Amino acid sequence: MSTIISKEDIEKVAKLSYLGLTADEIQAATKDVGDILTHFSAIQHIDTKNVPPAEAIGDNKNISRPDTAAGLFCAPANIMEHVPETHNGHIKVSAVFE
């Protein structure tokens with residue numbers, strides 16, 4: 001079993017994530033996450049002092065263009081005709097927070 005992460009750590013994360021894991025799943029996750037963290041730990045020790053940063057991979061270029069709507073699925077006036085309620089030209093919806 002891994003010493004990098006404990007069974008209790010996995011149980012806590014599972015509880016915070018609302019995951020109902022079985023005992024076998026907790027045991028497997030503890031091993032798998034421990035293996036991943038061990039691998040990350042090994043990667044951190046690689047000497048990269050003489051490795052230049054990668055500016056780009058491939059021939060991709062950043063192309064800027066104006067942010068405009070490509071087209072409307074439905075005209076705004078047509079939408080407003082079909083909503084149950086409006087207020088001052090806006091669609092009225094039920095309150096989310098009361």
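Leu37 - would you say it is touching a helix residue (DSSP H, G or I) at 6+ places or on another chain (Cβ under 8 Å) and surrounded by 10 or more Cβ atoms within 10 Å (Cβ to Cβ)? So Leu37 does not fit the description; no.
Given (1) part of a loop (DSSP other than H, G, I, E, B); (2) modelled with pLDDT of 85 or more, where does Asp9 come up short, assuming only one miss? Every listed condition holds for Asp9 apart from (1).
Evaluation of Ala28 against the conditions (1) in contact with a helix residue (DSSP H, G or I) (Cβ under 6 Å, 6 or more places away or on another chain); (2) aliphatic (A, V, I, L, M); (3) part of a helix (DSSP H, G or I) shows that the sole unmet condition is (1). The set of residues in the range 65-94 that are modelled with pLDDT under 85 and not in a helix (DSSP H, G or I) comprises Arg65, Pro66, Asp67, Thr68, Ala69, Ala70, Gly71, Leu72, Phe73, Cys74, Ala75. Cβ separations smaller than 8 Å between residues 6+ apart or across chains give the following pairs from the range 23-42 residues that are closer than 13 Å to Lys7 by Cα to residues that are among the small types (Gly, Ala, Ser): Ile26/Ala14; Ala29/Ala14; Thr30/Ser2; Thr30/Ser6; Lys31/Ser2; Val33/Ser2; Gly34/Ser2.
Against the definition (at negative phi and assigned to a loop (DSSP other than H, G, I, E, B)), how does Val33 come out, yes or no? So Val33 does not fit the description; no.
With respect to (1) assigned to a loop (DSSP other than H, G, I, E, B); (2) modelled with pLDDT of 75 or more; (3) among the small types (Gly, Ala, Ser), the lone exception for Ala42 is condition (1).
The values are calculated or read from the model by the stated rules, or taken from the named source; none is laboratory data. Nothing here was measured: the structure is a model prediction, and the numbers come from that model. Here Cβ is always computed from backbone atoms with ideal geometry, including for glycine, and neighbour counts include all displayed protein chains.
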